[in-house]
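Structure record follows, encoded as structure tokens.
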Amino acid sequence: MKLEPAVYTLSVFNKFKDRVVHGISQRSGGSSNGCYSSLNLGLHVGDNADAVVENRKRFSKQMGTDLSRVVCCEQVHGTNIHVVTKKDMGSGAFTLDDIIKDTDGLVTNEKNIPLMLFFADCAPLLIYDPQHNAIGLAHAGWRGTVGNIAANTLQVMHDTYGTEPSDCIAAIGPCIGQCCYEIGDNVAEKFISLFSSLSVPSSVLSQILLRRADKYHLSLYEANKELLLLQGVKMENIAAEHCCTSCNVEKFYSYRAENGKTGRHAALIYLK
Ligand SMILES: [Zn+2]
């Protein structure tokens, strides 16, 4: 008997579960081996493509949908957002050949078109606008975070659907925690400069960047939470759960903890 893939969910969306389905895949219940074991969903990491497609089919089914409907984008650590419509269905789902290029965030207001992005330490940003029934999903590593992909996603949702951040439910999914994320001074300086330009007080900046043993440690969770708050998302509408992929490498893929030789878990979200 096949193990069912385990799915991580964020309780902030519970209130809307009749309208929006979301989940982050975990490592169990897949068909990949070795460092990809077992539910690797990344096609670009050197795993057997047939195994990855089989894993994606299992996860899609577990999420109540079909892989042929799923939309994926290239994820280049940029800040471009693509507005997804029916014609995009299946893009990047079975092969990288037809993936949406040069894009790190997807938004849609069309039902039954799942957005799926891949992660191993970078932060998934999940957004739901209950007023306009629209969703957004973005990939925020340190580059995307410092580029403010959180604000970009909300801006595209505003321009396209009339979304107001103050109505939105948002979550920062499992990502590498401050506990495990040492960064170079050059990267830290980019965050200090961004948050200074946004007039973020030093008490908040010290939550985002911790100086420990002469090195900076970055919290992608706190950084993206602050960027969402600055756009007007309400604190009570942002998921408080905060899970470190590197500390939980038995459940999630971690690029840092596994020295780059690893697979990818996925965040998936769609409107019912
Ligand atoms: Zn950790």
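Computed from the coordinates by the stated procedures, all read-outs in this text should not be read as laboratory data. If you're wondering where the values come from, they're calculated on a predicted model, not measured in any experiment. Because the Cβ atoms are built from the backbone with ideal geometry, glycine has one as well, and the counts that use them run over all protein chains shown.
For the range 108-207, what is the relative contact order in percent, using Cα pairs closer than 8 Å and at least 6 residues apart in sequence? Can you show the working numbers first?
Working: 115 pairs, mean separation 28.0, N = 100.
Computed value for the range 108-207: 28 percent relative contact order.
Given springs between every Cα pair under 10 Å in a Gaussian network model of the chain, which of G29, G173, G42 has the largest fluctuation?
Highest fluctuation of the listed residues: G29.
Under the Karplus relation 6.51 cos²θ - 1.76 cosθ + 1.60, θ = phi - 60°, what is the ordered set of whole-Hz ³J(HN,Hα) values for the range 66-81, x standing for Gly and Pro?
10, 4, 5, 9, 6, 10, 10, 10, 5, 6, 10, 6, x, 10, 6, 10
For the range 247-255, take each phi angle, set θ = phi - 60°, evaluate the Karplus expression 6.51 cos²θ - 1.76 cosθ + 1.60, and give the result in whole Hz per residue in order, putting x for glycine and proline.
6, 10, 5, 6, 9, 10, 7, 9, 4
Give the long-range amide H neighbours of R264: residues separated by 5 or more places, or on another chain, with amide H under 5 Å away, using H modelled in the peptide plane at 1.01 Å from N.
Those qualifying (amide H under 5 Å, at least 5 residues apart or on another chain) are L41, G42.
Taking the Cα centre of the range 116-211 as the origin, how large is its charge dipole in debye, to the nearest 20, when only Lys and Arg (+1) and Asp and Glu (-1) carry charge on their Cβ atoms? Before the final figure, lay out the partial values.
On the way: 3 positive and 8 negative charges, 39 e Å.
Using only the charged Cβ atoms, the result is roughly 180 debye.
So who's got an amide H within less than 5 Å of the one on Y216, skipping anything under 5 residues away but keeping other chains? H placed 1.01 Å off N, in plane.
Those qualifying (amide H under 5 Å, at least 5 residues apart or on another chain) are I183.
Treating only the Cβ of Lys, Arg, Asp and Glu as charged (+1, +1, -1, -1), what charge dipole size does the range 1-55 show about its Cα centre? Round to the nearest 20 debye.
Using only the charged Cβ atoms, the result is roughly 320 debye.
So how far, in whole Å, is the C-alpha centre of the range 193-272 from the one of the range 6-55?
20 Å
At a Cα cut-off below 19 Å, give the lysines reachable from K87, other chains included and same-chain residues fewer than 8 away excluded.
Excluding near neighbours in sequence, the set is K101, K111, K272.
Give me Rg over Rh for the range 21-66, both radii from the alpha carbons and Rh done the Kirkwood way, two decimal places. Can you show the working numbers first?
Working: Rg = 10.0 Å, Rh = 10.5 Å.
Looking at the range 21-66, the ratio lands at 0.96.
Quick one: compute the contact order of the range 1-60, relative version, from alpha carbon pairs under 8 angstrom and 6+ residues apart, as a percent.
Here the relative contact order equals 29 percent.
For the chain, give the magnitude of the charge dipole about the Cα centre (Cβ charges: +1 Lys/Arg, -1 Asp/Glu; no others), in debye to the nearest 20.
Values: 26 positive and 28 negative charges, 112 e Å.
I would put it at about 540 debye.
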